[in-house]
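What follows is one structure encoded as structure tokens, with my remarks underneath.
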Amino acid sequence: SDPRSCRAMPVGCTAWMINDCAHCFITAGHCCCSSLQVMEFNVPFSQSNGNVVHPPPQDQYAVDTSSRQSQYVTIGQDWAYFGCFPNSTTGLTPYQAQGQAYTLASSPPAYNPSVVIRITGYGVDSTPNGTYNQIQQASTGPYYYFGGTTLQYQVDTEGGNSGSCVQWESGGGLAIGIHTNGGCSTSGSGANSGTGINNAALQAAMSNPQGVCRITASATVYCT
């Protein structure tokens, strides 16, 4: 039950709120952009057949299309940064309603197998039954590799986890990257991969926010 993580619909990915000036969001670039329309928090269990159940309107936030910035090239260059409008029912921003946001690391840590990684997201899942499909779940495991802007880790994920925060569990919970690709085998070999928070294009986008990411909830004071 992490209040910072949300389900990105209708694409069915994961996104997460960060502690920048306007508390905007990060996800995978391949989850953007026309399919990135609504962020859902406090997601309920799915139906027994796996069909997703949407949260009530007060937990859904429309994406500001003018705020979307993204890149989708390859592993390590796959990210999106965007914001949402205040809720049409409550008038609250996502941060005002949820009360928490991820803190970004300046860079992922150097590879060390003792580093523990946590990934929270909305993966496609039928275990133990269909009610667990695309609801919020988390898994932890060891760090596996860091080079350039590519991260690898042996943490369980499923389709739908794309865009999840790669969290440095053993380093105070800092966000170090974006989960984008599977690679683990059922035997436990291999590793899953993502884009490091040190990606220069992502950093440039966050330094040049657009739309609601540029203005605060008052819509009159610009973030700097």
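The values are calculated or read from the model by the stated rules, or taken from the named source; none is laboratory data. Computed from a predicted structure; not experimentally measured. Cβ placement follows ideal geometry from the backbone for every residue including glycine, while neighbour counts extend to all protein chains displayed. Only protein heavy atoms, including side chains, enter the accessible area calculation; ligands, DNA and RNA are left aside. Shrake-Rupley method; radii C 1.70, N 1.55, O 1.52, S 1.80 Å.
Quick notes
- Difference of contour (0.36 nm per residue) and Cα-Cα distance, Ala138 to Ser187: 15.7 nm
- Among the protein heavy atoms of the chain, carbon and sulfur supply 48% of the accessible surface, probe 1.4 Å, non-protein parts ignored.
- Probe 1.4 Å, protein heavy atoms only - accessible area per residue of the chain in square angstrom: 43
- One way to sum up the overall shape of the chain is the equivalent ellipsoid from its Cα gyration tensor, whose semi-axes run 26, 22, 14 Å, largest first.
- Net charge of neighbours whose Cβ lies under 15 Å from the Cβ of Ala15, counting Lys and Arg as +1 and Asp and Glu as -1: -3
- Segment 29-102 shape via C-alpha gyration tensor axes, a/c threshold 1.5: oblate
- Peptide packing: for 188-201, 9-22, the average count of neighbouring Cβ atoms within 10 Å per residue gives the ranking 9-22, 188-201, highest mean first.
- Highest average first, the peptides 146-154, 172-180 ordered by how many other beta carbon atoms sit within 10 Å of their residues are 172-180, 146-154.
- As a calculated quantity, the FRET efficiency between Asn112 and Ala204 at R0 = 25 Å, using C-beta atoms, amounts to about 0.30.
- Relative contact order for the chain: 24 percent, from Cα pairs under 8 Å spaced at least 6 residues apart, divided by residue count.
- Sequence-ordered 3J(HN,Hα) estimates for segment 40-55 from the Karplus curve with 6.51, -1.76 and 1.60 and θ = phi - 60° stand at 10, 10, 6, 5, x, 4, 7, 5, 4, 8, x, 5, 6, 10, 7, x Hz, glycine and proline given as x.
- Helical mean residue ellipticity (222 nm; -39500 (n - 2.57) per DSSP H run of 4+; nearest 500) of the chain: -1500 deg cm²/dmol
- Antiparallel bridges, percent of DSSP beta bridges restricted to the chain (to nearest 5): 95
- Phi to ³J(HN,Hα) by Karplus 6.51 cos²θ - 1.76 cosθ + 1.60 over segment 115-125, Hz, x for Gly, Pro: 5, 9, 10, 10, 10, 10, x, 10, x, 5, 7
- Nearest-0.05 FRET efficiency for Asn51 and Phe85, computed from C-beta distance (R0 41 Å): 0.95
- Segment 176-218 - Debye-derived log10 I(q)/I(0), Cα point model, q = 0.34 Å⁻¹: -1.05
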